[in-house]
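One structure follows; several queries about it will come next.
The values are calculated or read from the model by the stated rules, or taken from the named source; none is laboratory data. These figures come from a predicted structure and were not determined experimentally. We place every Cβ from the backbone using ideal geometry, glycine too, and count neighbours over all the protein chains shown. Note: accessible area is taken over every heavy atom of the protein model, side chains too, but ligands, DNA and RNA are not part of it. Shrake-Rupley method; radii C 1.70, N 1.55, O 1.52, S 1.80 Å.
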Amino acid sequence: MASISTCFCLKPSVVLRPPTFRSRFQATDFSRNSLKFHDSRVFVPVIRASFDVASGIKPGGIVETDKLPSDVRKRAMDAIDACGGRVTIGDVASKAGLKLNEAQKALQALAADTNGFLEVSDEGDVLYVFPKDYRSKLAAKSFRIKLEPLVEKAKSAAEYLVRVSFGTALIASIVIVYTTIIALLSSRSDEDNRGRRGGRSYDSAFTFYFNPADLFWYWDPYYYRRRRIQKEDGGMNFIESVFSFVFGDGDPNQGIEEERWKLIGQYVSSNGGVVAAEELAPYLDLETADRNLDDESYILPVLLRFEGQPEVDEEGNILYCFPSLQRTASSQRTGRKEYVGKRWADWVGGVEKFFKEKKWQFSKTSNSERAMVIGLGGLNLFGVIILGTMLKNVAVTPSGFITFVSDIFPLLQIYAGSFFAIPLMRWFFIRNKNAKIEKRNLARELRARALELPDVSLRRKLLSARDMAQRTVIGQDRIVYSTDRDLFEQDYDTQDWDRRFREIEKSD
């Protein structure tokens, strides 16, 4: 079976369509002059459409997919699976929320590495078709994909080690501080009882044995499996609660931008590629909820990502058209006029009413866990203050364990102070952050409510957008060329080609 790999590596000198044939695939070039007609058959120079990818793969050879960012590759592959393995660039861009150029590069790389092939429709649309086992083929070729699970596990282990280390440091600090205090008090008592030793170098004779491995006795190789269960129950162990109190639990909106663009892409695609700015406002970042303002600059990021363009309808309303999202390889119901003005979620087609950001939490610890952490942190801070005073007033020359503690005492002070300073700064940061999130969420919600019961002008604008919507489903009956087969095997009828070309010329 011929493959797609050379479609990106070789510049074909043989081309298949006349100048009026408008293809959406830049790498493919067609020319009527290259066709030789004889007895209603197409004859071309003896050049294969492509060669087998397997013959071009050598040990240590470059895998095109490895050049893609991991998240782009994964999102593109998920979109391909969702569409059944036969997609257009617009399908992947809308499903995955990728930029059009990102989607095109991802499809080209995946097709080159997995023996995928192209199909060209009678209107010049290019479709990418992938075998069912394309994931296993890609995994067999890419060392990077094989290595990624190990890297993820290593990152997870490192993150857990950091969390464990900080909580362990609190326990270790308390033990060291109060052990040193006891040792100093013991040495003073001995000095009072043994005055004859005054002025001599003193050794407390206190031996402290510390094995770092003992601090990690609670290492759990099944931490993340257990953590998922704990999340369902809302529980958290003490060591985790220490880190959570000081540093928090991370950004609750991590990866939410990806979801935002997925929602926007699916909404535009399901409504025929033509929308009003008011329809996308519930998904974007708005400074105000007042929809009476004429400023629609908030839609510019969408136009740039999906290569949209403004159009003016007969009534002078500005609508936004996305031609690349109007061509699809899979059938899907578009937005219908009779749904305008009813419940917004009905004609969105299952897409959420508006994009909602999650507020930051100071900590996911319970009140009892937080009280315990604060109590131990306060105990540690109090001990550090007392120990600092005692070390300044020590009357003998310290040695052994006390000398060690004196050397690391600045670190103990930094830890004890930052244990409360960092949460305090985080509290002010989270308060300011949540105020902005709440303002944006409210603006999006109000815009979504305005679409539930639109006024007359907005309703007419939405109806106009539905009238201008175009969604072309490219079925197998519209395919005129495929790189899956050689040109000789496809045996095109020249009269049929001329008829199709004339129809396209007339439509233009």
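Within segment 390-400, is even one residue open to solvent by less than 50 Å² (accessible area, probe 1.4 Å), closer than 23 Å to Ser270 by Cβ, in contact (Cβ under 8 Å) with a residue 24 or more places away in the chain and hydrophobic (A, V, I, L, M, F, W, C)?
no
Also: Among the residues of segment 133-156, which ones are open to solvent by 40 Å² or more (accessible area, probe 1.4 Å) and closer than 30 Å to Gly377 by Cβ?
Lys155
Just checking, how many residues over segment 401-415 are buried (at least 16 other Cβ atoms within 10 Å of the Cβ) and among the aliphatic types (A, V, I, L, M)?
3
So is Thr334 more than 14 Å from Leu458 (Cβ to Cβ), touching a Gly at 6+ places or on another chain (Cβ under 6 Å) and at pLDDT below 90 or not?
yes
Please tell me if Arg327 is open to solvent by less than 40 Å² (accessible area, probe 1.4 Å), modelled with pLDDT of 85 or more and over 28 Å from Ser457 (Cα atoms).
Considered against the rule, which asks whether it is open to solvent by less than 40 Å² (accessible area, probe 1.4 Å), modelled with pLDDT of 85 or more and over 28 Å from Ser457 (Cα atoms), Arg327 comes out as yes.
So which residues in segment 69-92 are surrounded by fewer than 24 Cβ atoms within 10 Å (Cβ to Cβ), assigned to a strand (DSSP E or B) and among the aliphatic types (A, V, I, L, M), if there are any at all?
Listed by number, the list is empty, since nothing qualifies.
Let me ask something else. Are any residues in segment 416-455 open to solvent by 70 Å² or more (accessible area, probe 1.4 Å) and aliphatic (A, V, I, L, M), and if so, which ones?
Hits for segment 416-455 are Leu424, Met425, Leu442, Leu446, Leu453.
For segment 456-508, give me each residue that is at pLDDT 90 or above, out of contact with any helix residue (DSSP H, G or I) (no Cβ under 6 Å at 6 or more places or on another chain), surrounded by 18 or more Cβ atoms within 10 Å (Cβ to Cβ) and not hydrophobic (A, V, I, L, M, F, W, C).
Of everything in segment 456-508, those that are at pLDDT 90 or above, out of contact with any helix residue (DSSP H, G or I) (no Cβ under 6 Å at 6 or more places or on another chain), surrounded by 18 or more Cβ atoms within 10 Å (Cβ to Cβ) and not hydrophobic (A, V, I, L, M, F, W, C) turn out to be Lys461, Ser464.
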